[in-house]
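Everything on this sheet refers to the single structure shown next.
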Amino acid sequence: MLATALASTLFGLDGVLVRIEVEAARGVPSFELVGLAEAAVRESRVRVKAALAQLGVDIAEHRITVNMAPADLKKSGSGFDLAIAVATLAALGRVPQESLAGTLFVGELSLAGAVHAVRGVLPRLLTARGCGIHSAIVPFENLAEAALVREVHAWGARTLADVGACLRGEQDLAKAKQGPPRTPARAAYDMSDVRGQASARRALEIAAAGGHNLLMIGSPGAGKTMLARRLSTVLPPLSFEESVEVAAIHSIAGTLPAAREIDTHRPFRAPHHTVSDIGLVGGGDRARPGEVSLAHRGVLFLDELPEFRRSALEALRQPLEDGHVAIVRADARATYPARAMVVGAMNPCPCGHLGDGTERCGCAPERVRVYRGRVSGPLLDRIDVHVALPPVKVASLQKTRGGEPSSCVRARVEAARALQRERFEKKETRAPLNAMLSLSDLENVATLDERGSSALAQAVASLGLSARAYTKVLRVARTVADLAGASSVSASHVAEAIGARVLDRNANQGSLAAAS
């Protein structure tokens, strides 16, 4: 007898439905699996046979043939176990074949027949929704995650016996609760904790308003990490669709909490500087997402930027420009979104005390040059806003009150982003954020007056800014104008944008003099 069940496989966030066709016939006992399956899939024969034995299903007198179609598509992972098992049960006449129709089966089986959680349930259900499949049986541990796909009715299974009983109509499985989204509590960081550093606070506000990348240079203790961790608190919350997209990436990476609630907070990732190239941008045998994709629509903080591997930093150049990572293999291509705000932090010299007024720095000029040279010019060119942080004196911490809270800054950021979204919806631009605008878009929405054009031309000539840096200055100028609620870009907006590309020598003598 022949039976078919539906499963799916993933290439990045893109999924493909897989038909599990099982034929059971009397003959020499065998269990054959075909369809370009990798090792973990081929091993499912052992798990499925053992799980069926726990149900009292004896296949010793049957020749079982499993075909995974399309046959020329590589299948990976252990999430096919449940689909193979239920299709085998149907082929043996243990469950009605019609009960399998229109349902996606996802799950890994233990030898005892338990259904274990797998990675990537959320993107698999998104694939099913796109293919018109509105029913799914998933591991019980993945049920909260499955509830995020509102158009697909998902049930959670703990054992293969429960699934078989459900398909025979003998019992019901737990159903995913698709109630209103809730935002879980999170440890509070707030901009009011920051004392002083007015220029850095302004730089963070500009970066948040336009989605710009940011570089902070300052001595140890100047507040670089403190400011970076509070950047996500001034960003607008994620929409439901954005939250699902972010959760799908974390589902594939295996970092999505089991008791998943919809989380409107933007992700914040801070990998250690020893992270590998693959760990930062993604890749490996199974083309997993890296930190830049896990920070999608949030913040990727790279502390001690020059200490990262040069190859890892250079691999970031394409994602910074394109907003996605394409991992190409001989037999497949996986694409992950990577539209994160990259925030870098570095010291002015190896010891960190150059220009802090204490005369503690003993770094030779050549050593300082080598240290700064670890971050390449092309990478710096892709960072929109640069700011130098002067040392913070203890006396000022005792006398100065905290600044504005994150809620006030976030209100201005949301107002500026609303203007950008309005231009996008009116098709005045082709991107919803200023950091993504092309030069042709800027010609439409960031036309400079005579004074602004003169100031920008002078900056390009004196600082040697590249064509990319020129475009980024215009993008930042448009963001400064949006924060001011101005419809046009004036000379003052251009001046502040130019200042955001050039680090103040007087504030920190050891800082880089220019971005390019």
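Out of curiosity, is V413 in contact with a helix residue (DSSP H, G or I) (Cβ under 6 Å, 6 or more places away or on another chain) and in contact (Cβ under 8 Å) with a residue 24 or more places away in the chain? It is true that V413 is in contact with a helix residue (DSSP H, G or I) (Cβ under 6 Å, 6 or more places away or on another chain) and in contact (Cβ under 8 Å) with a residue 24 or more places away in the chain. Among the residues of the stretch 469-490, those identified as touching a residue at least 60 places away in the same chain (Cβ under 8 Å) and among the hydrophobic types (A, V, I, L, M, F, W, C) are A469, V476, V480, L483. When A161, A188, A208, A222 are checked against the criterion of being assigned to a helix (DSSP H, G or I) and closer than 28 Å to A270 by Cα, a single residue qualifies: A208. Here the stretch 10-32 is the region considered, the condition is being closer than 30 Å to D285 by Cα and at pLDDT 95 or above, and the residue that is nearest to the chain's Cα centre (by Cα) is L17. With respect to A208, determine if the residue is crowded, with 21+ Cβ neighbours inside 10 Å and either touching a residue at least 60 places away in the same chain (Cβ under 8 Å) or closer than 30 Å to A484 by Cα (or both). So A208 passes the test. The lone criterion from (1) at pLDDT below 95; (2) over 11 Å from the mean Cα position of the chain (by Cα); (3) over 19 Å from S311 (Cβ atoms); (4) among the small types (G, A, S) left unmet by G284 is number (3). Taken as a whole, the structure leaves H116 outside the set of residues that are surrounded by fewer than 22 Cβ atoms within 10 Å (Cβ to Cβ), under 19 Å from D14 (Cα atoms), in the same structural domain as T88 (by TED's automatic domain parsing) and touching a residue at least 24 places away in the same chain (Cβ under 8 Å). The criterion of at least 1 residues that are surrounded by fewer than 21 Cβ atoms within 10 Å (Cβ to Cβ) and out of contact with any Cys (no Cβ under 9 Å at 6 or more places or on another chain) is met, among helices (runs of 4 or more DSSP H) falling completely within the stretch 230-337, by 240-253, 277-281, 310-315, 317-322. Just one residue in the set L122, L126, L111 is among the hydrophobic types (A, V, I, L, M, F, W, C) and either in a loop (DSSP other than H, G, I, E, B) or surrounded by fewer than 19 Cβ atoms within 10 Å (Cβ to Cβ) (or both); that residue is L111. The requirement of being farther than 26 Å from G130 by Cα and of a type in the set (V, I, T) is not satisfied by T103.
Checking every residue in the stretch 382-402 against the condition of being within 16 Å of R475 (Cα to Cα) and among the charged types (D, E, K, R) gives at least one match.
Residues in the stretch 489-500 include at least one that is aliphatic (A, V, I, L, M) and at pLDDT below 90.
Assess whether V368 counts as being among the β-branched types (V, I, T), over 26 Å from the mean Cα position of the chain (by Cα) and surrounded by 13 or more Cβ atoms within 10 Å (Cβ to Cβ). Considered against the rule, which asks whether it is among the β-branched types (V, I, T), over 26 Å from the mean Cα position of the chain (by Cα) and surrounded by 13 or more Cβ atoms within 10 Å (Cβ to Cβ), V368 comes out as yes. Just to check your reading of the model, which residue among S406, S440 is surrounded by 13 or more Cβ atoms within 10 Å (Cβ to Cβ), of a type outside the set (K, R) and modelled with pLDDT of 90 or more? Result: S406 is the single residue among S406, S440 that is surrounded by 13 or more Cβ atoms within 10 Å (Cβ to Cβ), of a type outside the set (K, R) and modelled with pLDDT of 90 or more. Counting only residues that are of a type outside the set (D, E, K, R), part of a loop (DSSP other than H, G, I, E, B) and either touching a Pro at 6+ places or on another chain (Cβ under 9 Å) or within 26 Å of A467 (Cα to Cα) (or both), the stretch 361-377 holds 5 of them.
Give the stretch 77-94 a look and list any residue that's in a loop (DSSP other than H, G, I, E, B) and either buried (at least 23 other Cβ atoms within 10 Å of the Cβ) or hydroxyl-bearing (S, T, Y) (or both), or say none. Of everything in the stretch 77-94, those that are in a loop (DSSP other than H, G, I, E, B) and either buried (at least 23 other Cβ atoms within 10 Å of the Cβ) or hydroxyl-bearing (S, T, Y) (or both) turn out to be S78, G79, F80. Within the stretch 133-158, if we keep just the residues that are of a type in the set (A, V, I, L, M, F, W, C) and assigned to a loop (DSSP other than H, G, I, E, B), the residue that is farthest from T255 (Cα to Cα) turns out to be I133. When the stretch 343-380 is filtered for residues that are over 28 Å from R269 (Cα atoms) and touching a residue at least 40 places away in the same chain (Cβ under 8 Å), the ones remaining, listed by number, are L354, G355, D356, C361, V368.
In the stretch 417-436 there is no residue matching the filter, namely being out of contact with any Pro (no Cβ under 9 Å at 6 or more places or on another chain), surrounded by 19 or more Cβ atoms within 10 Å (Cβ to Cβ), closer than 26 Å to L280 by Cβ and at pLDDT below 95. Only residues that are of a type in the set (S, T, Y) and under 20 Å from the mean Cα position of the chain (by Cα) were counted in the stretch 202-234, giving 2.
The values are calculated or read from the model by the stated rules, or taken from the named source; none is laboratory data. In this text, all values refer to a predicted model and were calculated from it rather than measured experimentally. As a convention, Cβ positions derive from the backbone with ideal geometry for all residues, glycine included, and neighbour counts pool all protein chains shown.
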